[in-house]
Amino acid sequence: MRGAEREKGRLSGDKAVALEAENNHSAAIVGCAGPVLTDAERGLFRDTDPLGFILFARNVETPNQLRALIDDLRDCGGRNDAPVLIDQEGGRVARLRPPDWRAAPTSARIGALYRNDPDAGREAAWLNGRLLAHDLSGLGINVDCAPVLDLLFDGAHEIIGDRAFGEEIEPVVMLGRATCEGLMAGGVLPVVKHMPGHGRATLDSHEALPVVDVSRDVLQKTDFRPFLALSDMPIAMTAHVVYSAIDPEGPATTSATVIREIIRGHIGFDGLLVSDDLSMKALSGDLETRTSAALGAGCDAALHCNGDFEEMAAVLKACGRMSDQASARMSRAFERLGATELLGDALARFDDLMVRELQSGG
């Protein structure tokens, strides 16, 4: 029995009918080219109803402009709760920047605080997540592609670098969970990345395909551990990385072996699995081929980020509708968001903690 059929089999009567009625959108998350939708983009999105949308710096001018763009995107599918994603980690990976938005610190700085004072580090991670959620939810953004759970390794490419909380498993687990909980407390879903681990890669997967050539046993004792510890999180993003000991040919995103045996199996992740950006150069083939490969391997949704119209059209053509199983995972993800915890004096407290990190010398 296929996964979608198994999931439907767990539902009965009205619930199964309701799920099928809701599951009418494409299994893709896409971007757009600029700060306003073109007529062509609006028509494409209305015709295909993508699962959700992702925003980048090219889409951002002012808070009011961004709210209007988000409203327009959601109007295309007629769903006012459609997922709208952004990469707002802090440090160099931040699509929203001053003066209109807070400059959040790198994960490495929070990791440094944790090394000196674990309690302060965990508090800072939670507060940072809650403050990020405050900025995002006020705009209508309900999913943040953060935190990075990749471990930092000597000799690895700097694409991860200070985006990681550190080299050791425990701080990454503790700070990653605190960040996720802070985001969800503010009404925003986290996306843990890059599952099952990008930290050892010596190449930037935006530009080339990294190959990690260590044993499965080593990977399970190190790289995979943070993801195993946070396997209960609602959404995860795959890594465009080949793990030669598991699948010597296919990167995790398009490897049924990695997704089945490691992500769904060893790690035990049963949340919504989203591919990393299919336009990255780590992947080969045209966009239709990449989309089919990612979804065929077990990703629940295909992510396309660069806003190129022809590429988006190809992805949306290839992906088809979300499976019932993926739709159920999406529904469960949003059920994680309850009443929003008050922000209070979170910013002042967070700033005090980060001053402590600076005074300690990192």
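Since every read-out is calculated from the coordinates, none of them should be taken as a lab result. Note that the structure is a prediction, hence the values are computed from the model and not measured. Please note: Cβ atoms are built from the backbone with ideal geometry, for glycine as well, and neighbour counts cover all protein chains shown.
Numerical summary
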item	result
Length released on extending from His206 to Lys221, taking residue separation times 0.36 nm less the Cα-Cα span	2.7 nm
Potential extension, Asp72-Phe309 segment - 0.36 nm per residue separation minus Cα distance	83.6 nm
Span from the the range 115-139 Cα centroid across to the the range 225-285 one, whole angstrom	26
Mean Cβ count within 10 Å, highest first, over the residues of peptides 124-133, 254-263, 155-164	124-133, 254-263, 155-164
Set of the range 132-176 residues, backbone N closer than 20 Å to the point 7 Å along the Cα-Cβ line of Leu358	132, 162-163
Near-label residues of the range 115-149 by backbone N, under 18 Å of a point 7 Å along Cα→Cβ of Asp351	124-125, 127-135
Sorted peptide list for 174-181, 322-329, 271-278, 29-36, criterion being average Cβ within 10 angstrom, highest first	271-278, 174-181, 322-329, 29-36
Computed FRET value (nearest 0.05) for Glu249 with Ala103, which takes r as the C-beta separation and R₀ as 51 Å	0.80
Exposure proxy ranking, count of Cβ atoms within 10 Å, fewest first, for Asp49, Asp150	Asp49, Asp150
17 Å Cα-Cα reach of Lys317 towards aspartates and glutamates, excluding residues that sit fewer than 8 places from it in its own chain	Glu41, Asp47, Asp49, Asp277, Asp286, Glu288, Asp300, Asp308
DSSP-defined beta bridges in the chain - what % are antiparallel, rounded to 5	10
Protection proxy ranking, peptides 290-299, 88-97, average beta carbon neighbours within 10 Å, highest first	290-299, 88-97
Burial ordering of Val60, Val355, fewest other beta-carbon atoms within 10 Å first	Val355, Val60
Computed over the chain: relative contact order in percent, which uses C-alpha pairs under 8 Å that are six or more apart	20
Added length on full extension, which subtracts the Cα-Cα distance from 0.36 nm per residue, Asn80 to Phe334	90.1 nm
Per-residue HN-Hα couplings for the range 345-359 [Karplus 6.51, -1.76, 1.60; θ = phi - 60°; Hz; x = Gly/Pro]	9, 4, 5, 4, 5, 4, 4, 4, 5, 6, 5, 4, 5, 5, 5
Helix-only [θ]222 nm of the chain, DSSP H runs n ≥ 4, -39500 (n - 2.57) each, per residue, nearest 500	-12500 deg cm²/dmol
Gyration tensor verdict on the range 234-362 (Cα atoms; rounded if a/c is under 1.5, prolate if a/b is larger than b/c, oblate otherwise)	prolate
Residues with amide H under 5 Å from that of Leu55, placed H, sequence gap 5 or more	Leu85, Ile86, Asp87
Where a label projected 7 Å from the Cα of Val214 along Cα→Cβ would reach, residues of the range 135-153 with amide N under 20 Å	148-153
Taking the range 27-170 and dividing mean pair separation by its residue count, relative contact order in percent (alpha carbons under 8 Å, at least six apart)	22
